[in-house]
Amino acid sequence: MASTQQVHHQTILNEVMKELDSHVSKQNVKVNQEQALTNGAIGNHAKCNLELKSINEYSGHFSTPGPAQILEDGNITKFEHEGTPPQGSKVGVAYHAKGHQWVMAWMVPLQNPATKPALNKVYIEDGPDAEIDWKDIEMKLESSREYSFCPGGLASITQGSVAKLAAAFIDPENPPNN
């Protein structure tokens, strides 16, 4: 049975995905077989402004990057990341505030119609502000699935060459009420 906190976190993630769906539906996005695209949205429920700490682009590039700062109180930032051969869209981002950090990585591999579709994956973690080992994050991403959660956040990614990524960063010490 899910706890009240888990249900509330899922509600927050659903709100972020709804905002992203609205944004994406206004676009006419098409990619060819040699592209992968991640449409992303991050909701801030950490009760403070989050500053961008680090970006590690394993493959691809941001076509519309998220801001260097995500304002508090449920604000959502949206971005697009375009993948390139051979790995597709694969990136890690880290935000921090008040001695705490949130790290998230995702991958949307290039799809080959002649083979079984590769799975899109997401990984998220939070903890005290510290040096980020991007190799370790990449290993954790490789073994993750399409949904990831930790005490201070959760993330979900859809399947396909045009993926939707929704994430929420939450204050692990003081989760939002209601």
Would you please give the FRET efficiency between residue 48 and residue 143, computed as 1/(1 + (r/R0)^6) with r the Cβ-Cβ distance and R0 = 30 Å, to the nearest 0.05? 0.45
Where does region 4-170 land on the Kirkwood hydrodynamic radius, alpha-carbon pairs, in angstrom? 15.7 Å
Across region 4-170, how many lysine pairs separated by 8 or more positions, or lying on different chains, have Cα atoms within less than 15 Å? 15
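Every number in this text was worked out from the coordinates using simple rules, so none of it is lab data. As the structure is a computational prediction, the values presented were derived from the model and not from experiment. Quick reminder, even Gly has a Cβ in these numbers, built from the backbone with ideal geometry, and neighbours come from all protein chains shown.
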